[in-house]
Structures are given as C-alpha cells and as structure tokens.
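The values are calculated or read from the model by the stated rules, or taken from the named source; none is laboratory data. A quick note: this is a predicted structure, and the numbers were derived from the prediction, not measured. Here Cβ is always computed from backbone atoms with ideal geometry, including for glycine, and neighbour counts include all displayed protein chains.
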Amino acid sequence: MAGLGAVGVAAWVAVSRWTTVAAGNPAYTWLLVALAVAGVTMLAWSTRARRRRDRGGWNRAARTVPAIVLVLAAVAAGWLRPFPATAADAATGPDVADLTSTIELRPPGQATGSGFVFYPGARVDPRAYVGILRPLAAAGHLVVIVKPPLGLALLQPSQAAAVVSAHPEIGRWVVGGHSMGGVAAADYAAAPGSRAAGLVLWASYPSGSLAGRTGLAVTSVSGTADGLTTPADVDESKASLPPSTRFVAVPGAVHADFGDYGPQPGDGAPGIDHADAQERIRAATLTALG
C-alpha cells in the first residue's frame, strides 16, 4: 500500500501540475522522481517477500519502517503540490528570461532604478507574479523572481545573494516577497553581509525583529480582507519593524490578490476588483523602489 501510494501521489502531481512543476525549482521534480522510484522499489520488495512467504516478525518490521517513511514522504509531496499560475503565458516575451532558479524581468535598455529580488509565497508558481511585477521592470528596475526549492522560500532565504552577485551593475537592491516569501526576504535583509537597502513585505511580516535596523527602508503592503495574513497579524508585526516603516493597507484586498494563482483556501472574501488591488499593491512597491 505504501508503494502504491507513493507512485500514485507522484503520478497525480505530475499529471495535474506538470507544467507548473517543470517551470519551478528542479528540487520538487527530483522529489517526485525519487518518490516514484522508492514506490516501485517498495512494491517489488513486497511482492518478492510474499512470493517467498517471508513473513517473519523481523522481516515485517524491516518493511514497516521504510513504508512509514515512504508514506510520510508521499504526504509531504502531495501537500507541496503548487498553486498554478492562472496566466502562465505571461511569463514569456523578450523582457523575460526564465532560468533554472530565477525568472528575470528585464527593463527596456539599461536598468536605471533599483534591483528587486522577489520571493514567491509558499507553494505558489513563481510565474504567478510576472503580471503584477512586470510594470516595475518597465519602469526601469531589474526584477528577479526566485524559484524556491520545493516552493518554500524559507528553505533557502539566501537566494537573493546569488542574484546580487550575478548583477554587479545594479547599485541599489531591494528584497521583497509574498507571505512566506516575505519572511524569507526579511531573513536575507537581516543576514550579515546583506546588500538589501530596502524590504517590501506583501501580506507578510518578519520572523525576528528588525526594529533596530534604522538603515533599512521597509514597506509593508497588506489587504484588509486577507484571511491568512490578517490585519491583526500586520498590526502585531509593527513592533518587529523599524519605526520608519511605511504601512499600506489595500481596502478589500485578500491574500491571493498579491499574485495570479486563483483563490486560496482559508483566504478572505475580496471586496475589491483583483486588477484594482494589484494596481495599488504595485504602486506602493514602485514607491519603495524609488
């Protein structure tokens, strides 16, 4: 049963989300491959044991432990199935470079503004943020959307460091992110050696205190109808942010308004048109980029 479950989960994710998985960080693809191989191996092992009538207590225990691990891995892989971008075709064009670990939105001509490294929300297709961020690139900013391993930005909050190193032509950097991505961006901004001059939180807040970081320009953008990062959460985060932090609340906006990936379980009911909410979110971010 564990082997069948593992193979079934890998097949289910591949069939239902293959284009999304293929467009993301390759770590999730490798997890699915490993899960399928482990499932087939478990099936072969169990079949051989039954044929040999090898059902002693020790052999049952030897099969039980890997089976439990395999079931847990299958549950995790199924939970990690990403929210697909509703406008995945937006991540194409001469201004878009879809790379292995990042999506770069390049400004026309030479970049004249700040560089912006953006971390997606948990399990959200990175392409879901191309539409809302593309106008920032058109305004002269190099925008780089990172592809987190397994869709979880907190697994590698240092991804911004590689982006900054790859673009020495950019003099000023701002990091930001949506939900868990904002937490990862804040972690990078707080890390020793960080090049971040600014931090933009979309429906997010830091895991630790940045209250003493007077040299960090922080903007917190949130939705008043957000059911996941609630107004109370944002209000509570004020003590962890510098006194100069600019807070922008978008009336009626929900968690899913910060990207294009459809409704999200647990979110609130939107009280504003999706496009209007994104325009306000984008305007606040453009101000933060300078």
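When restricted to residues that are closer than 19 Å to LEU133 by Cβ and either assigned to a helix (DSSP H, G or I) or of a type in the set (Gly, Ala, Ser) (or both), the range 239-290 contains 24.
Could you look through the range 98-126, keep only residues that are part of a loop (DSSP other than H, G, I, E, B) and of a type in the set (D, E, K, R), and pick out the one that is farthest from ARG280 (Cα to Cα)? Before the answer, list the steps.
Quick first cut of the range 98-126, residues part of a loop (DSSP other than H, G, I, E, B) only: 99-101, 106-114, 120-123, 125.
Retained after the next criterion (residues that are of a type in the set (D, E, K, R)): 106, 123, 125.
Numbers: ARG106: 22, ARG123: 24, ASP125: 22 Å.
So, considering only residues that are part of a loop (DSSP other than H, G, I, E, B) and of a type in the set (D, E, K, R), the one farthest from ARG280 (Cα to Cα) is ARG123.
Being of a type outside the set (Val, Ile, Thr), without any contact (Cβ under 8 Å) to a residue 40 or more places away in the chain and not in a loop (DSSP other than H, G, I, E, B) is the filter here; which residues of the range 81-97 pass it? Spell out how you get there, then give the answer.
As a first pass, look at the range 81-97 and keep what is of a type outside the set (Val, Ile, Thr): 81-85, 87-91, 93-95, 97.
From what's left, without any contact (Cβ under 8 Å) to a residue 40 or more places away in the chain: 89, 93-94, 97.
Passing the criteria: ASP89, ALA97.
Scanning the range 273-283 for residues that are surrounded by fewer than 19 Cβ atoms within 10 Å (Cβ to Cβ) and not charged (D, E, K, R) gives HIS274, ALA275, ALA283. Take the residues of the range 9-66 that are among the polar types (S, T, N, Q) and modelled with pLDDT under 85: which is surrounded by the most Cβ atoms within 10 Å (Cβ to Cβ)? Going through the qualifying residues, I end up with SER46. Within the range 240-263, the set of residues being surrounded by 19 or more Cβ atoms within 10 Å (Cβ to Cβ), touching a Phe, Trp or Tyr at 6+ places or on another chain (Cβ under 8 Å) and not hydroxyl-bearing (Ser, Thr, Tyr) comprises LEU241, PHE258, GLY259, ASP260.
When ALA225, ALA232, ALA239, ALA211 are checked against the criterion of being without any contact (Cβ under 8 Å) to a residue 24 or more places away in the chain, over 28 Å from SER165 (Cβ atoms) and assigned by TED's automatic domain parsing to the domain that holds PRO120, a single residue qualifies: ALA232. Of the strands (runs of 3 or more DSSP E) lying entirely inside the range 127-220, not one contains at least 2 residues that are more than 19 Å from the chain's Cα centre (by Cα) and at pLDDT below 95. Please work out which one of (1) in contact with a strand residue (DSSP E or B) (Cβ under 6 Å, 6 or more places away or on another chain); (2) over 20 Å from THR285 (Cα atoms); (3) free of Cβ contacts under 8 Å to residues at least 40 places away in the same chain is the condition GLN159 fails and give its number. The number of the failed condition is (3).
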